[in-house]
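Please read the structure below before turning to the comments.
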Amino acid sequence: MSTRKTISRLASISGLCTAVALVATGCGAGGPASSGSAASSVNVLVEAGGHAELAGVAEACKKDTGLDVNFVELPYDGLFNRLSSELSSGTVSFDVAALDSVWLPSFKDAVQPIDELFTDEAKKDIFPALVKEANIDGHFIGMPAWTNAEIILYRKDLFEDAKNKADFKAKYGYELAAPTTWKQYQDISEFFTKDGMYGTDVKGAVETEWLAHVLQAGSPMVLDDKNNVVVDNAAHKEALDFYTSLVKSAPSGAAQVDWAAAQNLFNQGKTAMTKFWAHAYRQIPTDAAVYGKVGAAPMIGGSAGVAGVPGPWYLSVPKATKNADAAKKFIKCAYDHNDLGIESTLGLAARISAFEKYQDKPGYESFGPLIETLNGKATATRPATAKWQQIVDTVLVPTLQKAVAGGDSASLLAEAKTKIEALVK
Amino acid sequence: MRVAEKIKHDGGMPAAVPAQPSAEASVPAGMRRRRAVNREGLEAGKRSTRTILWILLAASLVLYGFPFLYLLLTSFKPPIDTIAVPPTILPKEWTLVNYVNALGRSGVVASIINSTQTAIISTLLSLLLAVPAAYGITRYKTASGRVFIMAALVTRMVPPVAIGIPLASMMASAGLADTPIALSIAHTTISLPLSIWLMASFFEAVPQDLEEAATVDGCSRLGALWRVVIPVVSGGIAVTAIFAFLASWNEFLFALLMTAIRSQTTPVVIANFQTQFGLDWGSMTALAAVYSIPVILLTLLLQRKIVAGMTLGAVKG
């Protein structure tokens, strides 16, 4: 009893002391102040997964310019909320923000132009789709920090197995190899769907892959350049029908399969192929069933050529920061030392030269297919509309989920068109 | 003072309530049998009723306990097992690698310190404001008091996201951006209404005769509050403190909107394990398990007070 009393007293006293100390100092344990950053330091707001990408850049920037870089790391959804609240209030706690490409149109009025950083040399070294996306209303408002695109990952060990090769040739009449046409992709998926394994996955909970098929079929995705809704055209239907045709060669519950689920299935050795973001190639855990047994191939082309949907992040400077010069200095560092991101856990960059520098090194076999996909003839970024995320969440994903569950594609797309028109008008 | 000592001597219960064992002992055997038949709840006389209630209790325990148990077990799995398809409950191999990864990540230790600071300040602020407010409302029973306590309840109905952004702007204007104090004040807006309501119900349960006896013994009104009423409701204060502490300890939205480099709390850091490019289940569950330990310990430490606080209303009148 006396021990309990002593503990209670000690707890009370330490609590009070902490409170008094904090009231007196008003500080936190995390580091320097985040507001009113000095000209010799810069606060960078970044998504947690992208933080590692810029850590090396921060060190190089400190060496080059003496600039101290403080990162504010937030989860993906939270980052959007935080950006929305601070940029709309006009009081910002950061000098540079890493923005997902789909957010650029939403925040275009709250960030300042950085045209001077887009030299002719820079424009040549950045993938064309990204140069186009970074330019809104005639000004460059974000410098690509890293980018990604879906490529094909496949089980090299299964593809090189002599019995599989012989059986496949006997059944389909051609050699088993990484697919270069969608017909081959369908055949291979069907072939490997046996004995508890599946040929591929079908992701019903994310829309990007279907939209890549739309680009390959020769249509702009969802909105044309005049903002007309084209989601019900023949290319969208063709792409959706192809997408759902793979359901029979994929694990059940396709409507709920998202990126994480698809990546898990592949890493566990449950699927023979997956279309996935290129970074995943280097993130296969060393204790995974498929470690060391995976090959990478470029995204397959359709009638319009090879196309992927890039997933870049841009570094932007808010208009409200009082530290714009230091912010731009940091963005220049990020461009100059862009290849340092490749050494990080995420392992991506935005400059073509950075990817090319690594593509022939062992362990970076995914970079060749990634470059090819990003340079694809029909590769294009998502439509520049502030409503995009809303269109995705409320229309595209539900439409896709109904389609993979067996819904009629034509009527689903017609319904989607009506809903999207209501959102964008 | 003598009144308070007497109350403390009786285990925090008013003197008028007889101790349970002695009351039971004085009942004849035949009457005890009849009482056993009339017992309710888990001690119900009918075996079928008892069985159903025990099954319901076990189901509730599984429902509430399993997610935490699964989190705990996942934290000890090797990274590849955390994403196994289909998932496994028990680790095939026990490892501490997730704890090493989680605690080695930059900013984690600082975030735990920040969470602790924020929760302590917020709890103290809540109690400091709620105890006198609730006492005033229950003892002076004015019309404005009734309006005030209803208004406090209404503030609980406002979605936190609606006040989060204005609060963040106000704190920034006051020069408190990215400080534990700003976040504590924000958290107090969540816990204060509940604290006032809880404390009001505890004060209601304390007979006014006790304060009158204290004033007869020479206490002032405030002296009676401090020396008599507060010791009687100490269990209630512990309950209120626990709720206020937990509200701040686990709060995410305000922490997300109002903290950056200096004062980021652990719930935000835990969420950071889910990125656009994947979810680090192992590290996330490991940090969540570590973060749960202080509140579990606090609850165990204050268990007696909490039970006393929960039963305080039962002695009214």
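Out of the helices (runs of 4 or more DSSP H) lying entirely within the stretch B:86-158, which hold 2 or more residues that are of a type in the set (Val, Ile, Thr), away from every other protein chain (no Cβ under 14 Å) and surrounded by fewer than 13 Cβ atoms within 10 Å (Cβ to Cβ)?
Filter on the stretch B:86-158 gives B:143-156.
Output the residues belonging to the stretch B:226-266 that are open to solvent by 20 Å² or more (accessible area, probe 1.4 Å) and of a type in the set (Phe, Trp, Tyr).
Residues satisfying the conditions are B:TRP226, B:PHE243, B:PHE245, B:PHE252.
Among the residues of the stretch A:65-120, how many are without any contact (Cβ under 8 Å) to a residue 40 or more places away in the chain, polar (S, T, N, Q) and either outside any helix (DSSP H, G or I) or not assigned by TED's automatic domain parsing to the domain that holds A:ILE136 (or both)?
So the answer is 2.
Which numbered condition trips up A:ASP161, out of (1) open to solvent by 30 Å² or more (accessible area, probe 1.4 Å); (2) more than 18 Å from A:THR271 (Cα to Cα)?
(2)
Keeping to the stretch B:274-285, report how many residues are open to solvent by less than 10 Å² (accessible area, probe 1.4 Å) and at pLDDT below 90.
Residues in the stretch B:274-285 being open to solvent by less than 10 Å² (accessible area, probe 1.4 Å) and at pLDDT below 90: 0 in total.
Please state which one of B:SER248, B:SER234 is under 18 Å from B:THR116 (Cβ atoms), under 22 Å from the mean Cα position of the chain (by Cα) and small (Gly, Ala, Ser).
Answer to the selection: B:SER248.
What number goes with the only condition from (1) touching a helix residue (DSSP H, G or I) at 6+ places or on another chain (Cβ under 9 Å); (2) farther than 22 Å from B:ILE270 by Cα; (3) not assigned by TED's automatic domain parsing to the domain that holds B:SER283 that B:ILE89 does not pass?
The number of the failed condition is (2).
Looking at A:SER189 and the list (1) among the hydroxyl-bearing types (Ser, Thr, Tyr); (2) open to solvent by 10 Å² or more (accessible area, probe 1.4 Å); (3) in contact with a Ser or Thr (Cβ under 7 Å, 6 or more places away or on another chain), which single condition is not satisfied?
Going through the list (1) among the hydroxyl-bearing types (Ser, Thr, Tyr); (2) open to solvent by 10 Å² or more (accessible area, probe 1.4 Å); (3) in contact with a Ser or Thr (Cβ under 7 Å, 6 or more places away or on another chain), A:SER189 breaks only (2).
Tell me, please, whether a residue that is open to solvent by 60 Å² or more (accessible area, probe 1.4 Å), within 14 Å of another protein chain (Cβ to nearest Cβ) and within 19 Å of B:ILE120 (Cβ to Cβ) can be found in the stretch B:162-181.
No: the stretch B:162-181 contains no residue that is open to solvent by 60 Å² or more (accessible area, probe 1.4 Å), within 14 Å of another protein chain (Cβ to nearest Cβ) and within 19 Å of B:ILE120 (Cβ to Cβ).
Give B:SER220, B:SER234 a once-over and let me know the one that is closer than 16 Å to B:GLY136 by Cα, assigned by TED's automatic domain parsing to the domain that holds B:SER184 and out of contact with any Leu (no Cβ under 8 Å at 6 or more places or on another chain).
Within the list B:SER220, B:SER234, the selection yields B:SER220.
Filter the stretch A:377-400 for residues that are touching a Pro at 6+ places or on another chain (Cβ under 8 Å) and either closer than 24 Å to A:ASP120 by Cα or assigned to a helix (DSSP H, G or I) (or both); which is least open to solvent (accessible area, probe 1.4 Å)?
A:TRP388
Among the residues of the stretch A:43-77, which ones are within 12 Å of chain B (Cβ to nearest Cβ) and among the charged types (D, E, K, R)?
A:GLU47, A:GLU53, A:ASP68, A:GLU73, A:ASP77, listed by residue number.
A quick yes/no check of all residues on (1) part of a helix (DSSP H, G or I); (2) more than 17 Å from B:THR138 (Cβ to Cβ); (3) away from chain A (no Cβ under 13 Å); (4) in contact with a strand residue (DSSP E or B) (Cβ under 7 Å, 6 or more places away or on another chain):
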residue	(1), (2), (3), (4)
B:ALA224	yes, no, yes, no
B:VAL228	yes, no, yes, no
B:ILE261	no, yes, no, yes
B:ALA289	yes, yes, yes, no
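For every residue, the table says whether it meets (1) crowded, with 20+ Cβ neighbours inside 10 Å; (2) not in a helix (DSSP H, G or I).
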{"residue": "A:LYS124", "(1), (2)": "no, no"}
{"residue": "A:LYS132", "(1), (2)": "no, no"}
{"residue": "A:LEU153", "(1), (2)": "yes, yes"}
{"residue": "A:ALA166", "(1), (2)": "no, no"}
{"residue": "A:LYS171", "(1), (2)": "no, no"}
{"residue": "A:ALA178", "(1), (2)": "no, yes"}
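The values are calculated or read from the model by the stated rules, or taken from the named source; none is laboratory data. Model, not experiment: these values are computed from the prediction. Please note: Cβ atoms are built from the backbone with ideal geometry, for glycine as well, and neighbour counts cover all protein chains shown. Accessible surface is based on the protein model in full, side chains and every heavy atom, while ligands, DNA and RNA are left aside. Shrake-Rupley method; radii C 1.70, N 1.55, O 1.52, S 1.80 Å.
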